[in-house]
1. Just checking, how many residues over segment 5-55 are surrounded by 13 or more Cβ atoms within 10 Å (Cβ to Cβ), without any contact (Cβ under 8 Å) to a residue 60 or more places away in the chain and in contact with a Gly (Cβ under 6 Å, 6 or more places away or on another chain)?
2. Given segment 15-76, what helices (runs of 4 or more DSSP H) lie entirely inside it while holding 2 or more residues that are more than 18 Å from Pro3 (Cβ to Cβ)?
Amino acid sequence: MEPHIVSVKVIPGHCLQIQFDDGTTVTKDLTPLIAKGNLYADLEDEKFLKQVQIIDRGYALGWPNGLEFCIDSLNTQETKPSISRRRRVTTLTH
């Protein structure tokens with residue numbers, strides 16, 4: 001069964017920290033996508049980037065302009081030039 005996204009946090013440098021219900025945390029660098037322009041250009045604006053929402057019952061992330069990333073796309077080479085995936089051992093602190 002595919003894990004669900006339970007939280008997403010924007011971190012400096014156009015990155016998203018995504019936590020899944022299985023305890024896995026993924027940090028996704030969106031800089032390479034932003035450089036492609038077109039659909040991804042809006043993500044360069046930090047205010048816009050922070051409007052990210054968990055959608056589709058935790059199977060995707062989305063923004064007001066209609067841009068969406070499903071869980072599968074978060075793990076493909078086309079959209080993840082830089083991604084780290086690790087099992088969380090301790091709880092995240094702010």
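Read-outs throughout are calculated quantities, based only on the coordinates presented, and are distinct from any laboratory measurement. Everything numeric in this text was worked out from a predicted model, so none of it was measured. Every residue, glycine among them, receives a Cβ derived from its backbone with ideal geometry; neighbour counts consider all protein chains shown.
1. 1
2. 31-36, 46-49
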